[in-house]
Amino acid sequence: NTNKNIWLLMGLQGAGKTTTAGKLAYKYKSQGRRPLLVAADTQRPAAREQLKILGKQIKVPVLAVEDNESPATTLARIEAYIKEDFRDLILVDTAGRLQIDDSLMTELDDLSQALNPSEKILVIDSMTGQQSLPVVNSFDGRIGVSGLILTKLDGDARGGAALSARHVTGKPIYFAGMSEKIDGLEPFHPKRIAGRILGMGDVLTLIEKAKELEEDDEQEELKNIADFSLQDMLTQMRRIKRMGGFMDVMKLIPGANKMLPTGAEVDEGEIARIEAIISSMTDLERRKPRLLNASRRKRIAQGSGTKIQDVNRLMKNYEQMKKMLKGMNKRRPNRGKRKKRR
Ligand SMILES: Nc1nc2c(ncn2[C@@H]2O[C@H](COP(=O)(O)OP(=O)(O)OP(=O)(O)O)[C@@H](O)[C@H]2O)c(=O)[nH]1
Ligand SMILES: [Mg+2]
């Protein structure tokens, strides 16, 4: 039965399999294909009902299994169906698993063996981020996974980035779910996702982490974020460095690894460069960065053994950081009033 184009959708409970099955059917139907949805949850009639409703909405037929139907029967029914009503894409929605559960895995494996799907797609809720790595491995070990679909990327891009690198999971990512709506399925662009999370916001995450670790370090606490100066930036950068190396901290950010050039030295170098640049400024310049005109920047570059572009880039980062800190402060008025733990 290798001539049938069967895509098996599997994944943990609530990952978005059913929604994604509907989205795929909708997408390919609009491209002129003839999809058939198969509701293969042999235990929960409600799960099958959910897919039937989706199918009705998008006018794609749904073949629902019976309670405890055997995989061989399901295959026979699919074959009988497409003989009557030709279908060139068969999307099989399966039962969710709360976690990797042996009996359900066996069931899924039996179904997969019987249907011999051309694609075995693991649907992953991107909110679970790196924690889904063992899930990918179990499904792959047991059933085989040909590719991933990440859902709920509209909620958390970090999770997506955690899984975005092919070398992390060894699997291609076919699509990304970007909303609950039927048309909320898009091609996955790892660079875009990683770019979204690797803005200055992540430096802020690092700063927050550093702050948490050093809550008692009060003198250095940012008194007033509106007054965030280059000196403060340097202080924060040094904290990050003290936390055990920039690279180690960067590793905390899912997906950050692959954005960085190979070799940790490069990034330690970046901090060293920032330190050198800020150290070459006068006190006044650090407090009033507006003073930094072209000739001062040139002097600073020379003094720090860097290029004027490095100084410019630092200033741009600083401005961004300041802007974000201000925004953050507005959104969370209680920031900084956290009780001290000892
Ligand atoms: N925001 C958002 N919500 C999504 C996305 N994909 C799925 N959801 C929501 O996630 C919830 C679970 O989706 P389902 O498709 O029912 O998940 P499932 O994997 O079939 O769940 P089980 O069959 O119970 O294992 C629903 O509320 C969906 O609307 C997405 O890309 N973005
Ligand atoms: Mg479902």
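General remarks:
- Residue 25 falls short on exactly one of the conditions (1) under 23 Å from residue 150 (Cα atoms); (2) modelled with pLDDT of 95 or more; (3) within 12 Å of ligand 1 (Cβ to nearest atom), and that condition is (3).
- Test result for residue 100, within 18 Å of residue 41 (Cα to Cα) and at pLDDT 95 or above: no
- Members of the range 3-42 that are of a type in the set (S, T, N, Q), in contact with a helix residue (DSSP H, G or I) (Cβ under 9 Å, 6 or more places away or on another chain) and within 12 Å of ligand 2 (Cβ to nearest atom): 18, 19
- Selection from the range 22-75 of residues that are farther than 29 Å from residue 106 by Cβ, in contact (Cβ under 8 Å) with a residue 40 or more places away in the chain and part of a loop (DSSP other than H, G, I, E, B): 33, 34
- Within this structure, residue 45 passes the test of being over 30 Å from the mean Cα position of the chain (by Cα), surrounded by fewer than 21 Cβ atoms within 10 Å (Cβ to Cβ) and within 16 Å of ligand 1 (Cβ to nearest atom).
- Scanning the range 80-104 for residues that are within 15 Å of ligand 1 (Cβ to nearest atom) and polar (S, T, N, Q) turns up 94, 99.
- Answer residue from the range 94-116, given it is within 16 Å of ligand 2 (Cβ to nearest atom) and in a helix (DSSP H, G or I) and is surrounded by the most Cβ atoms within 10 Å (Cβ to Cβ) among those: 111
- Test: residue in the range 65-82 that is away from ligand 2 (no atom under 11 Å from the Cβ) and under 29 Å from the mean Cα position of the chain (by Cα): no
The values are calculated or read from the model by the stated rules, or taken from the named source; none is laboratory data. Just so we're clear, the structure is a prediction, and the values are computed from it rather than from any experiment. As a convention, Cβ positions derive from the backbone with ideal geometry for all residues, glycine included, and neighbour counts pool all protein chains shown.
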